[in-house]
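*Asks:* What follows is a structure written as structure tokens; I'll ask about it next.
Laboratory data are not the source of any read-out in this text; all were calculated from the coordinates shown. Everything numeric in this text was worked out from a predicted model, so none of it was measured. Cβ sites come from the backbone with ideal geometry, for glycine too, and all protein chains shown count toward neighbours.
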There are 2 protein chains.
Amino acid sequence: MFDKILRTNTFEFELIERASGSWIYDVNGKKYLDCESGMWCTNLGHNHPTIVETIKEQSSKIIHRNKGFLCPITIEAAEKLLDFITDKFDKVTFLNSGSEAVEFAINFAKKITKRKNVLSLENSYLGAFGIARDLSFTSSENEEFKLEFPVCGRNECENLDRFLQKAYKVIDKHADDIACFVLEPIMVGGGVLRPCSKFIQPICDKMKEIGALVIIDEVTTGFGRTGKKFGYELFKITPDILALGKALGNGYPVSAVVTKSDLEAKLTSSELYYAQSHQLDPLGTSIAMKVIEVFESEDILEKLKPKIVELFSFLKTLSHPSIIDARSFGFIFAIEFKEYGNNKTKELILRIKDSLLLEGVMIGFSTAKNLIRFLPPLTISDEEIKFLKQKITKVLEEIKSSELDTNPIP
Amino acid sequence: MFDKILRTNTFEFELIERASGSWIYDVNGKKYLDCESGMWCTNLGHNHPTIVETIKEQSSKIIHRNKGFLCPITIEAAEKLLDFITDKFDKVTFLNSGSEAVEFAINFAKKITKRKNVLSLENSYLGAFGIARDLSFTSSENEEFKLEFPVCGRNECENLDRFLQKAYKVIDKHADDIACFVLEPIMVGGGVLRPCSKFIQPICDKMKEIGALVIIDEVTTGFGRTGKKFGYELFKITPDILALGKALGNGYPVSAVVTKSDLEAKLTSSELYYAQSHQLDPLGTSIAMKVIEVFESEDILEKLKPKIVELFSFLKTLSHPSIIDARSFGFIFAIEFKEYGNNKTKELILRIKDSLLLEGVMIGFSTAKNLIRFLPPLTISDEEIKFLKQKITKVLEEIKSSELDTNPIP
């Protein structure tokens, strides 16, 4: 069935054809609660009526144009985005994908500093290609520059000094040639981990000290996902560049790089030059503009608060002999497993994923990180949360019972 | 007015807000014939009614989903695309941008061959980031691997052997570590140049000989732009991978990588793994599918033939003391200038561009390559071609007269 599609990952058997709010419908009409928000994009729910209306209206006017010409909607979207961000930024460009935005930001920092090395944290996922990929946990490149860090909630902060000294050693060694530090505020693909703020702040201070820039990869953590507008607000830091994607388009491929005019001023026209077919295109920017409007007018952040508490509390009630840890940061939830009875961890995770899918719940999972993951739309309703809780409970119970059957306890 | 937009290139003063067919309308209602097809994307004309209808319909159904799930429309689009390509390919993935597609193709080739070097031609433009950027004429990286080549129409083929020997020297030196050769069939950004087929064929043969792959960057040359469905058909070669973009989405950000199952079979699941938010998303793939349908049902290629002849003939009639060369490849046209009278080449080009804009014609230009450029929609009408010819003639005449005024010939 999928034999013409290059096998870049595993595809589930179910074919889907419709989506609305928190739900996805397959070709047989069966519905699934989408607890991954697509690829962590549809923070406002699938096919949000206002966004769909914007797509229809804008695509009737103008979709695309040459890079030499701008549309008023693009300028408005830039202003809207800058107003939306609490910290003071005053320059934007709109691109297509989060990976492209991070890659652009890194190259921008390298040109400004005239330096070549880039720091990240181990476990970060920063992009699908280029330097951003090489700095990600999925690549074996640049190992020296992927800093070990203390994870919040693991008592690793007790060893804060050890982590800091190790990081300083790398930074001091390359002080003259570090262009930037790229921070993913919560490492989502890398295991749903939050780096300790007592580690992040001094590292960012150190960047200022050595003349390097601080880039925040907000592709996943932006637009309310962490309970804040942007993930970097979890730390007391002042970034130089933000890379935005995913939720900015609520499912449409638009991303952005946000920075400051004093940084732009350090580059010549030819150093600043960048050209991509759909950069600043009106269809994408009109959607970005509307996403921010909806985010504000529907008071997404305020309404999210009780939902964060509710799912967090639920996670804490889960008890299953195979659960090592259930953790959450804002509206990012993970349950980490160990092997149990006859089930190796990997099989257990795949079994839970499959069982939940049968029950009408799509979740995320990582067999490499031993976890299942939920990043539901921020607009998920109380009833849908109830449904999710019931299904998780049911599936975990079933696994417990089936294990009891096959491995009877004397 | 544009002070919030990062200055990645120069923006014209005119703000635009509507597009239809070959025309773009500014906020004052003035219309412009878009002879760059946006960023060489709208081969079917802006806001083609069938494409806009598809966007509206599909965005009401489902825009985006998790990478683990496919939509029937995506599978249909893959099949449609493979059927559309004359040569035998049987694997596709859909991405967002042409740059991403080329970058993906190069990384795919590197993984398959387990080699690291990549050949391109000097003057190629292959992408905005990553290895594809480093291989482009806009970068000073990888110089050794950017082959000099004989340009068609410049009698350089007389020195074919010299070019080939030089290329073979590089290839032989690195034979064990060349992953692929990336060919842009017509170098459009690099100066509107066609490499001699007597050079390209042996280089591609040599790739087969040393176990390297042939990748074709069809981002600009695909979908009829050269008068063929794909630019590589200008040569007698058998590519391993095609990277498609631009016209595939007719203004919407969708691109594709097309390859073969025997290559896919050489990689493990983890080597094949790639994840990007909007890869294989139904909105993009439904548009790609419809673009191909329109291309076929409107018989674009057949109807293009007389237009190619007409604009080619017109170009050959142009006589202006500053014109060095007027050349075309299919529906890609360039007029190359030298300095003239008081006008330095750069100023002359900018003056022509500005004058044509005033006259209601948007063109492309490169002050680095000393040329103005036209890649009109393939659907441009006879009347619009007439308009374009009149305006070019008028502007060139005006420049001639104004020069005559300021530099009277005795």
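*Asks:* So for B:Thr10, B:Thr367, fewest C-beta neighbours within 10 Å to most, what's the order?
*Replies:* Listing B:Thr10, B:Thr367 from fewest to most nearby Cβ atoms yields B:Thr10, B:Thr367.
*Asks:* Stretch A:Thr317-A:Lys111 to full length: gain in nm at 0.36 nm per residue minus the Cα-Cα span? It would help to have the intermediate numbers written out before the result.
*Replies:* Values: separation 206, 0.36 × 206 = 74.16 nm, distance 4.99 nm.
Separation in residues times 0.36 nm, less the Cα-Cα distance, equals 69.2 nm.
*Asks:* What is the antiparallel percent of DSSP beta bridges lying wholly in chain B, to the nearest 5?
*Replies:* If I count the DSSP bridges inside chain B, around 70 percent turn out antiparallel.
*Asks:* For A:Lys400 paired with B:Glu296, estimate the spin-label separation in nm (one decimal), with each label point 7 Å from Cα along the Cα-to-Cβ line.
*Replies:* Simple spin-label model gives 5.6 nm for this pair.
*Asks:* What FRET efficiency comes out for A:Glu53 versus B:Lys260 if R0 is 51 angstrom and r is the Cβ-Cβ distance? Round to the nearest 0.05.
*Replies:* Efficiency for this residue pair is about 0.75.
*Asks:* Could I ask something else about it? What does the extension gain come out to for A:Lys344 and A:Asp87, with contour length at 0.36 nm per residue minus their alpha carbon separation?
*Replies:* 87.9 nm
*Asks:* Next question, about the same structure. Can you give me the Kirkwood hydrodynamic radius for the stretch B:49-297, using every pair of distinct Cα atoms, in Å to one decimal?
*Replies:* 18.5 Å
*Asks:* Sort A:Met1, B:Met187, A:Met207 so the one with the fewest other Cβ atoms within 10 Å of its own Cβ comes first.
*Replies:* A:Met1, A:Met207, B:Met187
*Asks:* Show me, for the stretch A:220-225, the HN-Hα J-couplings you get by feeding each phi into the Karplus relation (A = 6.51, B = -1.76, C = 1.60, θ = phi - 60°), rounded to Hz, glycine and proline as x.
*Replies:* The phi angles translate into 8, 8, x, 6, x, 4 Hz.
*Asks:* Could you work out the Kirkwood radius for the stretch A:119-198, taking every pair of different alpha carbons, averaging 1/r and inverting it, reported in Å?
*Replies:* Working: mean 1/r = 0.0773 Å⁻¹.
So the Kirkwood estimate lands at 12.9 Å.
*Asks:* For A:Leu121, list long-range residues whose amide hydrogen, built 1.01 Å from N in the peptide plane, is under 5 Å from its own amide hydrogen.
*Replies:* Amide H neighbours of A:Leu121: A:Leu147, A:Glu184.
*Asks:* While we're on this one: Just list whichever of B:Lys166/B:Lys346; A:Lys146/A:Lys290; B:Lys111/B:Lys246; A:Lys56/B:Lys88; A:Lys338/B:Lys110 have alpha carbons separated by over 29 Å in the model shown.
*Replies:* With Cα atoms farther than 29 Å apart: B:Lys166/B:Lys346; A:Lys146/A:Lys290; A:Lys56/B:Lys88; A:Lys338/B:Lys110.
*Asks:* For every helix of n ≥ 4 consecutive DSSP H residues, a contribution of -39,500 (n - 2.57) applies; sum these over chain B, divide by its total residues, and give [θ] at 222 nm rounded to the nearest 500 deg cm²/dmol.
*Replies:* -12000 deg cm²/dmol
*Asks:* Return the Rg/Rh ratio of the stretch A:29-80 with Cα-based radii and a Kirkwood Rh.
*Replies:* Working: Rg = 15.2 Å, Rh = 13.7 Å.
On the Cα set of the stretch A:29-80, Rg over Rh gives 1.11.
*Asks:* Shifting gears a bit: Per 20 Å bin, what is the whole-percent P(r) computed from every C-alpha pair distance within the protein assembly as shown?
*Replies:* It works out to 16, 48, 30, 6, 0, 0, in whole percents.
*Asks:* Taking springs between alpha-carbon atoms closer than 10 angstrom, which of A:Ser270, A:Ser139, A:Ser20 fluctuates most in the Gaussian network model of chain A?
*Replies:* Looking only at A:Ser270, A:Ser139, A:Ser20, the biggest GNM fluctuation is shown by A:Ser270.
*Asks:* Here is a follow-up. Karplus couplings for the stretch B:10-24 from phi (6.51 cos²θ - 1.76 cosθ + 1.60, θ = phi - 60°), rounded to Hz, Gly and Pro as x?
*Replies:* 7, 10, 6, 5, 5, 9, 10, 9, 8, 8, 7, x, 8, 10, 10
*Asks:* Now for a different question. Collect residues whose amide H, placed 1.01 Å from N in the peptide plane, falls under 5 Å from the amide H of B:Glu298; neighbours closer than 5 in sequence don't count.
*Replies:* Under 5 Å from the amide H of B:Glu298 lies no amide H from a residue far enough along the sequence or on another chain.
*Asks:* Would you please state the base-10 log of I(q)/I(0) at q = 0.22, 0.26 1/Å for the stretch B:322-410, with intensities from the Debye formula using one equal scatterer on every alpha carbon?
*Replies:* Per q value, in the given order, log10 I(q)/I(0) is -1.15, -1.48.
*Asks:* Quick one: of the DSSP bridges fully inside the stretch A:112-260, what percent are antiparallel, nearest 5?
*Replies:* Percentage antiparallel, nearest 5: 30.
*Asks:* May I pose another question? Could you compute the FRET efficiency for A:Ser381 and A:Arg351, with r as their C-beta to C-beta distance and R0 at 22 Å, rounded to 0.05?
*Replies:* Plugging the Cβ-Cβ distance into 1/(1 + (r/R0)^6) gives 0.20.
*Asks:* Using 0.36 nm times the number of residues separating B:Ala275 and B:Leu358, minus their current alpha carbon distance, what extension gain do you get? Could the numbers behind the result be given before it?
*Replies:* Working: separation 83, 0.36 × 83 = 29.88 nm, distance 4.51 nm.
Contour length minus Cα-Cα distance gives 25.4 nm.
*Asks:* 5 Å is the cut-off here: which amide hydrogens, built 1.01 Å from N in the peptide plane, fall below it relative to A:Ile5, excluding neighbours closer than 5 in sequence?
*Replies:* Sorted by chain and number, the residues that satisfy this are B:Val92.
*Asks:* How much of the DSSP bridge set in the protein assembly as shown is antiparallel, in percent, rounded to the nearest 5?
*Replies:* The antiparallel proportion sits near 65 percent.
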